[in-house]
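A.B. asks: Sharing a structure, written as structure tokens. Questions coming.
The values are calculated or read from the model by the stated rules, or taken from the named source; none is laboratory data. Computed from a predicted model, the values in this text were never measured in an experiment. All Cβ positions, even for glycine, are placed from backbone atoms using ideal geometry, and neighbour counts span all protein chains on display.
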Amino acid sequence: IELYLGALGGVLPAHPLTHAELEAGALAVLPPELRTYVAGGAGDEATQRANVTAFERWALVPRMLNARTERDLSVELFGKHLASPLMMAPVGVVGLCTLDQHGDVHAAEVSAATGVPLIGSTLMSDPLEDVVAATGDTPAWFQLYTPKSRELAASLVSRAERAGYDALVVTLDTWVPGWRPRDLASGNFPQLRGKALANYTSDPVFAEMTGPDPDPATVVFTWVGQFGNPLTWDDLPWLRSLTDLPIVLKGICHPDDARRALDGGVDGIYCSNHGGRQANGGGAALDWLPGVVDAVAAHGGDAPVVFDSGVRSGADVVKALALGATAVAVGRPYVYGLALGGVPGAVHVLRALQAETDLIMAVDGYPNRADLTRDALVRTMP
Ligand code: FNR
């Protein structure tokens, strides 16, 4: 109502309200190398497109005379109460997407302002300590790209723990780079240009590898040598030994992998195909969500399932929740918000997602998170 009244009074929303306009606006202001890096995906981007269109194959069935003036979207995640189930997915170059190149800190400020937790990437433009310091009272998680050196991995994780992150997300699908033609064609890999490596250059173990005051080429060369630890299930006990924080494995799409991860002592599952950036030729991440949710439920316990890849609207959030996600993360949407309108731009994007989610739950008669079960959905296309 506030937005409608504001518009009547001539105060129009300062930023786009649809993803298509948001993306077009952001891509118009981002420099060309970031444009392809953020918007692009693997191969001919069929998987990336499928992530988005998969939501259209599910229809929410409206239920009437179930009106509530207050809706409850809240969720408990590792003992923390969150007013909404939204999260900000880890995005490695978000630091570069604001004019001052401090986009990671600004993403943290967005988190503080909205209560939407940020999952900070290993690939930051500011050290992880500075980023979590800006998240205020909102919980924050740290995402690890596991380097080859176990000592360096341990150092990054213990820094994250000491700095106050609430959970560790280990991303499993990026131990080799994705085949991204748009970036390959332009030689575009920000880290190879020495960008977004602040967590390495601020790390004492990394400093031992480079020696004191390394030149930029030495930093990049050392980072390349560390990139991509080919982890196997045998490494799970070692990962577990690194921290007392809850561990969430990101990139899990198969029910057997979810089961095995929980057997191995991890605390949460993150179903994602990296926004279609890593491997083309797969299905939409949404199609893997029900199987993963069922495996986690069958395992017993209360491990949360985080979902991302292709979420573009409140309707998408509602559908992912109905398919069993505990929390729903967005990547590109908040990055576009930051690029286009700085902190207020990304705050606007997250609030708009929350508002649309809330209104759909109101109109369609599913006022509480608990009402959103698979019975709320009908599959409309095979
Ligand atoms: C990512 N993603 C990602 N994931 C991760 O675990 N660590 C990272 O550093 C990054 N970096 C990154 C950069 C960019 C530019 C994008 C767009 C994405 C993947 C991210 O966490 C998430 O899985 C996807 O962005 C979700 O898909 P949508 O919401 O972008 O469709």
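Condition check ((1) touching a strand residue (DSSP E or B) at 6+ places or on another chain (Cβ under 9 Å); (2) among the charged types (D, E, K, R)) across all residues:
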residue	(1), (2)
Thr222	no, no
Pro230	no, no
Asp235	no, yes
Pro255	no, no
Arg260	no, yes
Ser272	yes, no
Leu286	yes, no
Val296	yes, no
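A.B. asks: Within segment 368-382, take every residue that is assigned to a strand (DSSP E or B) and surrounded by 12 or more Cβ atoms within 10 Å (Cβ to Cβ) and give me the one that is modelled with the lowest pLDDT.
C.D. replies: Top of the filtered list is Asn368.
A.B. asks: Right, something else. Can you name the residue in segment 35-47 that is in a loop (DSSP other than H, G, I, E, B) and small (Gly, Ala, Ser) and is also farthest from the ligand (Cβ to nearest atom) among such residues?
C.D. replies: That would be Gly43.
A.B. asks: Of all the residues that make up segment 211-220, how many are surrounded by 15 or more Cβ atoms within 10 Å (Cβ to Cβ) and either outside any helix (DSSP H, G or I) or not β-branched (Val, Ile, Thr) (or both)?
C.D. replies: Residues meeting the conditions: 1.
A.B. asks: Is it fair to say Val52 is buried (at least 21 other Cβ atoms within 10 Å of the Cβ) and β-branched (Val, Ile, Thr)?
C.D. replies: Answer is no for this residue.
A.B. asks: Looking at segment 154-172, which of the residues that are touching a Lys or Arg at 6+ places or on another chain (Cβ under 7 Å) and either away from the ligand (no atom under 15 Å from the Cβ) or of a type outside the set (Ser, Thr, Tyr) (or both) is farthest from Gly225 (Cα to Cα)?
C.D. replies: Pass one, segment 154-172, residues touching a Lys or Arg at 6+ places or on another chain (Cβ under 7 Å): 166, 169-172.
Still in the running and either away from the ligand (no atom under 15 Å from the Cβ) or of a type outside the set (Ser, Thr, Tyr) (or both): 166, 169-170, 172.
Working: Asp166: 29, Val169: 22, Val170: 19, Leu172: 18 Å.
So, considering only residues that are touching a Lys or Arg at 6+ places or on another chain (Cβ under 7 Å) and either away from the ligand (no atom under 15 Å from the Cβ) or of a type outside the set (Ser, Thr, Tyr) (or both), the one farthest from Gly225 (Cα to Cα) is Asp166.
A.B. asks: Report every pair of residues separated by at least 6 positions or lying on different chains whose Cβ atoms are under 9 Å apart, first residue within segment 108-119 and of a type in the set (D, E, K, R), second in a helix (DSSP H, G or I).
C.D. replies: Hits for this filter: Glu109/Val343; Glu109/Ala346; Glu109/Val347.
A.B. asks: Among the hydrophobic types (A, V, I, L, M, F, W, C), within 16 Å of the ligand (Cβ to nearest atom) and more than 29 Å from Gly342 (Cβ to Cβ): which single residue out of Ala107, Ala50, Ala67, Ala89 fits that description?
C.D. replies: Ala50
A.B. asks: Moving on to the next point. Kindly establish whether Val347 is more than 11 Å from the ligand (Cβ to nearest atom), part of a helix (DSSP H, G or I), without any contact (Cβ under 8 Å) to a residue 40 or more places away in the chain and among the β-branched types (Val, Ile, Thr). Please lay out each step first, then the result.
C.D. replies: Details: more than 11 Å from the ligand (Cβ to nearest atom): yes; part of a helix (DSSP H, G or I): yes; without any contact (Cβ under 8 Å) to a residue 40 or more places away in the chain: no; among the β-branched types (Val, Ile, Thr): yes.
No, not satisfied.
A.B. asks: Another question about this same structure. Filter segment 182-210 for residues that are in a helix (DSSP H, G or I), over 19 Å from the mean Cα position of the chain (by Cα) and modelled with pLDDT of 95 or more and give the result.
C.D. replies: Ala198, Tyr200, Thr201, Pro204, Val205, Phe206, Ala207, Glu208, Met209, Thr210
A.B. asks: Which residue, of Leu86, Leu96, Leu27, is buried (at least 21 other Cβ atoms within 10 Å of the Cβ), at pLDDT 95 or above and farther than 30 Å from Gly365 by Cβ? Let's see the steps before the verdict.
C.D. replies: Details: Leu86 fails: farther than 30 Å from Gly365 by Cβ; Leu27 fails: buried (at least 21 other Cβ atoms within 10 Å of the Cβ).
None of the others qualify; the one that does is Leu96.
A.B. asks: Can you tell me which condition Arg277 does not meet? The list is (1) more than 15 Å from the ligand (Cβ to nearest atom); (2) of a type in the set (D, E, K, R); (3) farther than 26 Å from Glu76 by Cβ, and all the others hold.
C.D. replies: (1)
A.B. asks: State all residues of segment 1-24 that are in contact with a helix residue (DSSP H, G or I) (Cβ under 7 Å, 6 or more places away or on another chain) and surrounded by fewer than 18 Cβ atoms within 10 Å (Cβ to Cβ); if no residue qualifies, say none.
C.D. replies: Answer for segment 1-24, where residues must be in contact with a helix residue (DSSP H, G or I) (Cβ under 7 Å, 6 or more places away or on another chain) and surrounded by fewer than 18 Cβ atoms within 10 Å (Cβ to Cβ): Pro13, Ala14, Leu17.
A.B. asks: Give me the pairs, please: first residue somewhere in segment 301-326 and closer than 21 Å to Leu22 by Cβ and of a type in the set (Phe, Trp, Tyr), second residue anywhere and assigned to a loop (DSSP other than H, G, I, E, B) and within 11 Å of the ligand (Cβ to nearest atom), beta-carbon distance under 8 Å, and either six or more positions apart or on two chains.
C.D. replies: Phe307/Ser272
A.B. asks: Considering only segment 281-315, how many residues are within 14 Å of the ligand (Cβ to nearest atom) and in a loop (DSSP other than H, G, I, E, B)?
C.D. replies: Of the residues in segment 281-315, 8 are within 14 Å of the ligand (Cβ to nearest atom) and in a loop (DSSP other than H, G, I, E, B).
A.B. asks: Turning to a different aspect of this structure: Which residues, counting only those in segment 173-183, are within 15 Å of the ligand (Cβ to nearest atom) and surrounded by fewer than 18 Cβ atoms within 10 Å (Cβ to Cβ)? Show your work before the answer.
C.D. replies: Taking segment 173-183 as the starting set, the residues that turn out to be within 15 Å of the ligand (Cβ to nearest atom) are 173-178, 180, 182-183.
Result: Asp173, Trp175, Val176, Pro177, Arg182.
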